[in-house]
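Since the structure comes first, as structure tokens, the remarks are kept for the end.
Computed from the coordinates by the stated procedures, all read-outs in this text should not be read as laboratory data. Here the structure is a predicted model, which means the values were calculated and not measured. Here the Cβ positions follow ideal geometry from the backbone for every residue, glycine too, while neighbour counts run over all protein chains shown.
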């Protein structure tokens, strides 16, 4: 089992490391998304720099790689919570610290949602709801992301088995930590806001 765990975590990390947001932005004419907008390798920065279609595609691919990593682990260990939970966390870590981009990746929101949606659907739905409510009320995508991550961790802790709850809580902490610069900008009043949900 320890060897299987190491192997699955390694594969999940590599899946998570695929820099879809970077690649999508390049396909839509942005040579290096790290040098435009917020500099983040994530769907929100792709949307702002390369357009709505690119942003949606980046989000779906980033979420998909998280779901793929969790599904792979689930197939290898059906009925077991620990291996898929570890794979989900590894995929998020891969997105945040991708080997292909010298460990400078995104903030893990889409990948985390994709990874935990099949493992903890109630927590994922609650996270999406929290994101929508907070982002709509404040017009800060980053604050909505932090609220969604925190909600995912809390609901998983209440409803999930211990391995899954622990992985979701740790993922939530990582996502919040990756947003620390956004939170500082919010406090200073310099964080960019959503101009319109339809723009």
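Remarks
- With the helix formula -39500 (n - 2.57) applied to DSSP H stretches of n ≥ 4, the chain reaches a computed 222 nm mean residue ellipticity of -23500 deg cm²/dmol.
- Relative to the compact-globule estimate of 2.2 N^0.38 Å, the Cα radius of gyration of region 2-188 comes out at 0.97.
- Computed from Cα positions, the angle between helix 82-96 and the longest principal axis of the chain comes to roughly 30 degrees.
- Per-peptide packing, taken as the mean over residues of other Cβ atoms within 10 Å, places 98-109, 25-36 in the sequence 98-109, 25-36 from highest down.
- Remark: 194, 154 ranked as 194, 154, counting other beta-carbon atoms within 10 Å and listing the fewest first.
- Length gained when the stretch residue 52-residue 177 is fully extended (0.36 nm per residue, less Cα-Cα span): 42.3 nm
- Taking the chain as a Gaussian network of alpha-carbon nodes connected by springs under 10 Å, the highest mean-square fluctuation of the residues 76, 183, 113 belongs to 76.
- Difference of contour (0.36 nm per residue) and Cα-Cα distance, residue 138 to residue 170: 9.0 nm
- Segment residue 125..residue 101, full-extension length gain: 5.6 nm, with 0.36 nm per residue of separation and the alpha-carbon distance subtracted.
- Region 52-82 and region 134-170 have Cα centres spaced 17 Å apart.
- Fewest-first ranking of 97, 170, 22, using other Cβ atoms within 10 Å as the exposure measure: 170, 97, 22
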